[in-house]
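Below: the structure, in C-alpha cells.
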C-alpha cells in the first residue's frame, strides 16, 4: 500500500513538473508589434510582475497588453525610459502563464525606440 501511494505522489509531481516546464519553455508564437507605450508598471500583491500596454492606433482603439519577466532587466529599464514614446516590441506568446510570471501570455524579450508613423517632420 505504501508503495502505491509513493508511486502516485511521484507521478503527480512528475506531471506537475512536466506541465510547468511546458508552460515556461514552450512558445506558441513569436512576433513584433509597434505602438505608443502608454503604460508600464510593477503590480501584484503576492508576486510583483511587470505589465505594460502599447496603443497600436491613433485613437487607442487597439491596445496590446504584455508582461516582462524579472530576469530581463535591460528590457525593464528601456521600457521605463521610453514611456510615452513609440516603440517596437519583440515578444513570445506562451500557451498559458502562471500568476508569478505575469498577467499576459505575451512576454516582451526586446524593445527598440522607433519613429512614430503618425508624426511627420
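Per-structure values
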quantity: Estimated translational D of the stretch 27-113 in µm²/s (Stokes, Kirkwood radius over Cα pairs; 4 °C; 1.567 mPa s); calculated: 101 µm²/s
quantity: Between 0 and 90°, nearest 10: helix 2-25 axis offset from the chain longest Cα axis; calculated: 10 degrees
quantity: Value of relative contact order over the chain, rounded to a whole percent, pairs C-alpha under 8 Å and six or more apart; calculated: 27 percent
quantity: Spacing of the two label points (7 Å from each Cα toward its C-beta) at residue 1 and residue 95, in nm; calculated: 3.7 nm
quantity: Ordering of 63-71, 80-88, 15-23, 49-57 by packing [mean C-beta count within 10 Å, highest first]; calculated: 49-57, 63-71, 80-88, 15-23
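Read-outs throughout are calculated quantities, based only on the coordinates presented, and are distinct from any laboratory measurement. What you are looking at is a predicted structure, and each value in this text was computed from that prediction instead of being measured. Please note: Cβ atoms are built from the backbone with ideal geometry, for glycine as well, and neighbour counts cover all protein chains shown.
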